[in-house]
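Beneath this line is the structure, given in structure tokens, with notes to follow.
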Amino acid sequence: MKFEQAYMEMLKGKKIKRPCFKGYWFIDGITGKVGIHLASGDEIMEGDFDLTLRNVLAEDWEVAE
């Protein structure tokens, strides 16, 4: 799915990812900020990373189970 659709899923509380990701993206329920949960277990919150055009323009986003 396109990022726009994936973002709408995040707004519903779901986690999203691309097949090449080991982690997932999410929206923090308290702050409302976008975060990335890395495979290492670390989390990067909005403002600490750049949303790249390569990822935002990708069309292979999916809901993370």
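The values are calculated or read from the model by the stated rules, or taken from the named source; none is laboratory data. These numbers were taken from a predicted model, which means no experiment stands behind them. All Cβ positions, glycine included, derive from the backbone under ideal geometry; neighbour counts span all protein chains shown.
Annotations for the structure displayed:
- On the stretch given as the range 21-38, residues that are within 21 Å of LEU57 (Cβ to Cβ) and either touching a residue at least 24 places away in the same chain (Cβ under 8 Å) or surrounded by 13 or more Cβ atoms within 10 Å (Cβ to Cβ) (or both) total 9.
- Residue in the range 1-20 that is surrounded by the most Cβ atoms within 10 Å (Cβ to Cβ), counting only those that are among the hydrophobic types (A, V, I, L, M, F, W, C) and more than 11 Å from ASP60 (Cα to Cα): MET10
- Scanning the range 10-65 for residues that are touching a helix residue (DSSP H, G or I) at 6+ places or on another chain (Cβ under 9 Å) and not in a loop (DSSP other than H, G, I, E, B) yields ILE16, LYS17, TRP25, PHE26, ILE27, VAL34, ASN55, VAL56, GLU62, VAL63.
- Some residue of the range 39-60 being of a type in the set (Ser, Thr, Tyr), in contact with a strand residue (DSSP E or B) (Cβ under 8 Å, 6 or more places away or on another chain) and modelled with pLDDT under 95: no
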